[in-house]
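Participant: Can you read through this structure? Questions will come right after.
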Amino acid sequence: MNDQINSTHDSGTPGPDPAGGSAAGYLDYARVGPLSRPVVAALAGATELAARLGPGDLDRLFALADAARDSAARLLGARPHEIALAPSTSNGLFTVAAALRGPGTVLVPRDEFPANLYPWLRFAGRGGPAVRLVAPAGQRHITPDLLRHHLTPDVVALAVSAVDSLTGHLAPLAALKEVLGPGRLLIVDAIQGLGSVPLETDAADVLVSGGQKWLRAGWGAALLLIRDRCAGRLVPGLGGWAGVTDPFAPRHPAPPLPGAAAHLATNPDFPAAAALGAAIDDLLGRGGPAAAGARIRATLAELLDRARRAGADVLLDGPGAHERAGIGTFRLPGLDPADVHRTLGAAGLVTTRRDEWIRLSPHTPTPDTAAELLADALHTLTTRRTTP
């Protein structure tokens, strides 16, 4: 396989960094990635075009979206016509749910991020397949063996996140697709992995990912990959005038465009598309997901090691180095998690709290000093716990 390649209780915003990264304590890329310098420049250039709109400028705006699609195809190991630009991850998933018609059942792990569940719930009973939640025994993620156990004849697809948003577990996409076989679809929400670690993107029949997290591209554009091998299974349920060959035909509906473009409702947000393309080009120019993943995993490993030294429990501790992506989560037994989160924030550390757990998600610009900041803050907390 080709190894290409949200949350509650959040607080704090990163400050500027002379290297184009973020403040030393910003450890919340799984929530939102501050815009990178190439993205800021691309947004400025596209906005200038949109403000000027002289001769040829509109064509240049359209070309920016085409270039972003081509860059995404290189990143995902796909053909350009297999890529379309959706407004967001959620919109892309709703587009896919509207396109998968007929009887059958879609499997969704019970602890999936809700964005990967609601599209299927909304279209179940409205022409789409039924939804069956899979409850992994003692864990949050689905394994090939568990999938095999639930693979009844009515199953037509598995919808899964490439990376679990709480634990950071990296889904074995190739192994899951092997169990599913060619007749069932593997539909992947890749937003928590794309740009942070290598993903087995060849295994995905359909893949959706926005750019506001690890790609650091901001909001307004997302990748929608629909492989040729499954395109015939999907009807353009949300496809609008932008998804047909002749939008001004005398009679409608006109034939759909070939490839993923058949599912477009309208034109993309051109500045957002330019930003997404710039983010992907920057990632590929810096060695791609493999290089980014090596740096991110090393930084995360050091952060989690500092947490363990302070007596923290690490969620999903013990997996192999390549089973975790860029997310790690811990708790300090005996301490109020809200107090832990406040103390980290006061020390300049931007993290996410999910109930009792504190989520860490560094990126390539995260400096080594972040581990020292975390260690000092945890020392303050543990000293408070042991002081009478």
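The values are calculated or read from the model by the stated rules, or taken from the named source; none is laboratory data. What you see is a predicted model, and the numbers here were worked out from it, not measured in a lab. Heads up, the Cβs are rebuilt from the backbone with ideal geometry, glycines too, and the neighbour counts pull from every protein chain shown. For accessibility, only protein heavy atoms count, side chains too; no ligands or nucleic acids. Shrake-Rupley method; radii C 1.70, N 1.55, O 1.52, S 1.80 Å.
Participant: Could you check residue 266 against (1) open to solvent by less than 40 Å² (accessible area, probe 1.4 Å); (2) β-branched (Val, Ile, Thr); (3) more than 22 Å from residue 25 (Cβ to Cβ) and say which number it fails?
Facilitator: (1)
Participant: Okay, next question. Any idea which residue in region 199-208 is most open to solvent (accessible area, probe 1.4 Å), counting only those that are over 17 Å from residue 99 (Cα atoms) and not in a helix (DSSP H, G or I)? First the steps, then the outcome.
Facilitator: In the first step, residues of region 199-208 are kept if they are over 17 Å from residue 99 (Cα atoms); the result is 199-203.
If we keep only those that are not in a helix (DSSP H, G or I) as well, we get 199-200.
Details: 199: 4, 200: 57 Å².
Per the stated criteria, the residue is 200.
Participant: Go through region 316-349 and count every residue that is buried (at least 22 other Cβ atoms within 10 Å of the Cβ), among the hydrophobic types (A, V, I, L, M, F, W, C) and within 20 Å of the chain's Cα centre (by Cα).
Facilitator: Matching residues across region 316-349 total 2.
Participant: Additional query: So is residue 39 outside any loop (DSSP other than H, G, I, E, B) and either modelled with pLDDT of 95 or more or open to solvent by 80 Å² or more (accessible area, probe 1.4 Å) (or both) or not?
Facilitator: Numbers: outside any loop (DSSP other than H, G, I, E, B): yes; either modelled with pLDDT of 95 or more or open to solvent by 80 Å² or more (accessible area, probe 1.4 Å) (or both): yes.
In short, yes.
Rundown of residues vs (1) open to solvent by less than 40 Å² (accessible area, probe 1.4 Å); (2) at pLDDT below 95; (3) more than 29 Å from residue 237 (Cα to Cα), yes/no style:
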residue: 126; (1), (2), (3): no, yes, no
residue: 142; (1), (2), (3): yes, yes, no
residue: 159; (1), (2), (3): yes, no, no
residue: 188; (1), (2), (3): yes, no, no
residue: 196; (1), (2), (3): yes, no, yes
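Participant: Among the residues of region 162-172, count how many are touching a helix residue (DSSP H, G or I) at 6+ places or on another chain (Cβ under 9 Å) and surrounded by fewer than 24 Cβ atoms within 10 Å (Cβ to Cβ). Before the answer, list the steps.
Facilitator: Restricting attention to region 162-172, the residues satisfying the condition of being touching a helix residue (DSSP H, G or I) at 6+ places or on another chain (Cβ under 9 Å) are 162, 168-170, 172.
Restricting the remaining residues to those that are surrounded by fewer than 24 Cβ atoms within 10 Å (Cβ to Cβ) gives 169, 172.
Of the residues in region 162-172, 2 are touching a helix residue (DSSP H, G or I) at 6+ places or on another chain (Cβ under 9 Å) and surrounded by fewer than 24 Cβ atoms within 10 Å (Cβ to Cβ).
Participant: Residue 287 - would you say it is among the small types (Gly, Ala, Ser) and either at pLDDT below 95 or open to solvent by less than 20 Å² (accessible area, probe 1.4 Å) (or both)? Spell out the reasoning first.
Facilitator: Working: among the small types (Gly, Ala, Ser): yes; either at pLDDT below 95 or open to solvent by less than 20 Å² (accessible area, probe 1.4 Å) (or both): no.
For residue 287, the condition - among the small types (Gly, Ala, Ser) and either at pLDDT below 95 or open to solvent by less than 20 Å² (accessible area, probe 1.4 Å) (or both) - is not met.
Participant: Given the options 58, 85, 64, 121, name the one that is touching a helix residue (DSSP H, G or I) at 6+ places or on another chain (Cβ under 6 Å), within 30 Å of residue 276 (Cβ to Cβ) and in a helix (DSSP H, G or I).
Facilitator: Result: 64 is the single residue among 58, 85, 64, 121 that is touching a helix residue (DSSP H, G or I) at 6+ places or on another chain (Cβ under 6 Å), within 30 Å of residue 276 (Cβ to Cβ) and in a helix (DSSP H, G or I).
Participant: On to the next question. Can residue 140 be described as within 20 Å of residue 327 (Cα to Cα), in a loop (DSSP other than H, G, I, E, B) and of a type in the set (D, E, K, R)? Give the steps one after another, and end with the answer.
Facilitator: Numbers: within 20 Å of residue 327 (Cα to Cα): yes; in a loop (DSSP other than H, G, I, E, B): yes; of a type in the set (D, E, K, R): yes.
Considered against the rule, which asks whether it is within 20 Å of residue 327 (Cα to Cα), in a loop (DSSP other than H, G, I, E, B) and of a type in the set (D, E, K, R), residue 140 comes out as yes.
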